[in-house]
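For reference, the structure is listed below as structure tokens.
The values are calculated or read from the model by the stated rules, or taken from the named source; none is laboratory data. What you see is a predicted model, and the numbers here were worked out from it, not measured in a lab. Please note: Cβ atoms are built from the backbone with ideal geometry, for glycine as well, and neighbour counts cover all protein chains shown.
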């Protein structure tokens, strides 16, 4: 997989932070990187040009949603995700596993999924129709979508599931990861643009299971490695303890992706724990509800104080929204449920994270990441 | 009012169509022109840059809505509409009259307005609070908003109101227009950027009333003149008959604005009847519901035929949406209620109208407007 060479450019001496470049068929990704989430092949409210301008290097799309609608066959027929959504930089698709389980957990505790050894039967959250995801079908669907990085099919058990259940789910995930690898190798033969497969470490909040899972996934020798099943209800300390415990077993030369994280403070902490890649809906979802980040913490534009505020959302911010509009105008748009207000806050929040990642990369290179992180958190928290 | 000089560049020989340039403190407007509607100081879903790119020369904002929220005092404090919404081209605000009456007519036939000789008492559609609009307050609010073109306060009576009622409403509108003129002249003295006041011709579907109203408004000798109370339920023939009947009384050298029109076919017909300026929410509202215009008529993206359509919404269209996306992708976004889909259709529909106006201007100059119009309508209808 020379298409996905990962070059480490600098390693921090005081923390486990590193900074690198991941090559893909659609360009290089500088890490640490935050990936905006475009669930249904669109990062809600934004155009590809806006994503590019705010510093997005790679975006994520959801296999589960695109499989149900419009169908991955249609996306393939239209030339694949990149062409269809007019985004020529890297894309990552998840495996659908997380959505299958999280949507099932959502419907009045009534399980909509049947977990079998060879996959998961589930009912669509849209029309209740029955579907089946297997490791093999997750690979085939993601091949049709055509992202640069695809994820192995996994079972994400709840943070506080019984240890025995967590262990069984992890073992299923291991078995599925092997099957994914076999199917993926087969599918790549016919492709022009190669896809990198990342397996997903599971094991809940149990250190020994996490280490076992890490060793298993590392042995598969795939182009990258992901950590799933965190930021799903456990405490922050539990999350960082897990990251500490698996760190010695992770190969230096492969990109590490912590799924579903997160907030500015979590990103910085996780970078210090050796993580290279992140995604989370919070930046975009919060924006649509009027919430935005500044160096001084999280704020909400609905606060009456912003009614007469003729300065931008954040001083010195270089995003399109802050360069061109006052908080007063953004507040008016959000109060009136105007979509342009949601766009402006989405741009700001995503830029806040891409900018934080850029600053982190610079400080890792300069050897000043730890003091940068402490300074940022002191002001932010 | 030298700031608002209107220069006629060409007059069609076969129809009453004309083509001109209206000067404003924020730049020139080439007519015939379609003005996108930005009710709450934002053309729904779009940025100012997108409006500019799709060919918008001037946009409209609504006095009624902005008076209620956030309040015209806030807009003034923030530097006026242009600065606040980051749009440096011309803006027109309506007087609030139409909204006061149309919102009142909407609430279960229970009148929320009390019409008095000196103005209208109405209840906010948002919180039921009581407000009063007078000719003077409509001028003061529009001065605070700071648009280039402002409208006289008028009563827009329903198309099929009794003749006697229509006559009384028209006479009130005449009286109010005079009061508006006096207040407007006073307010302009303290302004750097002057505002042009347009009075609004009323008179329902009655030719004699319309002619009487036209004569009255022309006598006020204001920088432009508007025709209100059309496209509110009367037939198309009735509308064009009214335009025909008042045409001889309208001065050549002043811009004529037909309020609330409309569709591509109505725009072309009205241009042939001597109209220079238009606004309508249809282009933007229809877009948000999945409806779009092409040279072959109106279509809806929800049609199953577009599922696999790998061509743009319209062949040869030069709008951003058609240059970059397939109908298949736009359909997916609209079906999933994704805002970016609403943006793409809004851009397309508005571009369709600005492009139609540009073509009309070219054909009027070349003396081929009538055949262009016939050719367009033959294919479109």
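Total residues in the stretch A:153-187 satisfying the condition of being assigned to a loop (DSSP other than H, G, I, E, B) and buried (at least 22 other Cβ atoms within 10 Å of the Cβ): the figure is 5. Can you say whether residue B:115 is surrounded by 23 or more Cβ atoms within 10 Å (Cβ to Cβ) and away from every other protein chain (no Cβ under 13 Å), as far as the supplied structure shows? No: the conditions fail for residue B:115. Out of the residues in the stretch B:301-336 that are in a loop (DSSP other than H, G, I, E, B) and within 16 Å of residue A:49 (Cβ to Cβ), state the one that is nearest to the other protein chains (Cβ to nearest Cβ). So, considering only residues that are in a loop (DSSP other than H, G, I, E, B) and within 16 Å of residue A:49 (Cβ to Cβ), the one nearest to the other protein chains (Cβ to nearest Cβ) is B:325. With respect to (1) touching a residue at least 24 places away in the same chain (Cβ under 8 Å); (2) farther than 20 Å from residue B:340 by Cβ; (3) within 14 Å of chain B (Cβ to nearest Cβ), the lone exception for residue A:77 is condition (1).
The set of residues from the stretch B:87-105 being surrounded by 18 or more Cβ atoms within 10 Å (Cβ to Cβ) and within 14 Å of chain A (Cβ to nearest Cβ) comprises just one member, B:87. Apart from one condition, residue B:226 fits all of (1) over 22 Å from residue B:94 (Cβ atoms); (2) in contact with a strand residue (DSSP E or B) (Cβ under 7 Å, 6 or more places away or on another chain); the exception is (1). Among residues of the stretch A:27-51 being away from every other protein chain (no Cβ under 13 Å) and surrounded by fewer than 19 Cβ atoms within 10 Å (Cβ to Cβ), the one that is nearest to the chain's Cα centre (by Cα) is A:30. For the stretch B:337-381, the candidate set comprises residues that are part of a loop (DSSP other than H, G, I, E, B) and within 14 Å of another protein chain (Cβ to nearest Cβ); within that set, the residue that is surrounded by the fewest Cβ atoms within 10 Å (Cβ to Cβ) is B:337.
Criterion applied to B:23, B:16 was being more than 13 Å from chain A (Cβ to nearest Cβ) and either at pLDDT below 95 or part of a strand (DSSP E or B) (or both), and the one residue passing it is B:23. Looking at residue A:61, is it more than 9 Å from chain B (Cβ to nearest Cβ), in contact with a strand residue (DSSP E or B) (Cβ under 7 Å, 6 or more places away or on another chain) and under 15 Å from residue B:336 (Cα atoms)? Against the criterion (more than 9 Å from chain B (Cβ to nearest Cβ), in contact with a strand residue (DSSP E or B) (Cβ under 7 Å, 6 or more places away or on another chain) and under 15 Å from residue B:336 (Cα atoms)), residue A:61 qualifies.
The requirement of being assigned by TED's automatic domain parsing to the domain that holds residue A:7, out of contact with any helix residue (DSSP H, G or I) (no Cβ under 8 Å at 6 or more places or on another chain) and under 30 Å from residue A:9 (Cα atoms) is not satisfied by residue A:265. Taking (1) surrounded by fewer than 18 Cβ atoms within 10 Å (Cβ to Cβ); (2) more than 14 Å from chain A (Cβ to nearest Cβ); (3) within 16 Å of the chain's Cα centre (by Cα) in turn, residue B:285 satisfies each apart from (2).
Is it the case, given these coordinates, that residue A:150 is at pLDDT below 95, in a strand (DSSP E or B) and in the same structural domain as residue A:257 (by TED's automatic domain parsing)?
no
Looking across A:213, A:245, one residue alone is in the same structural domain as residue A:23 (by TED's automatic domain parsing) and without any contact (Cβ under 8 Å) to a residue 40 or more places away in the chain. It is A:245.
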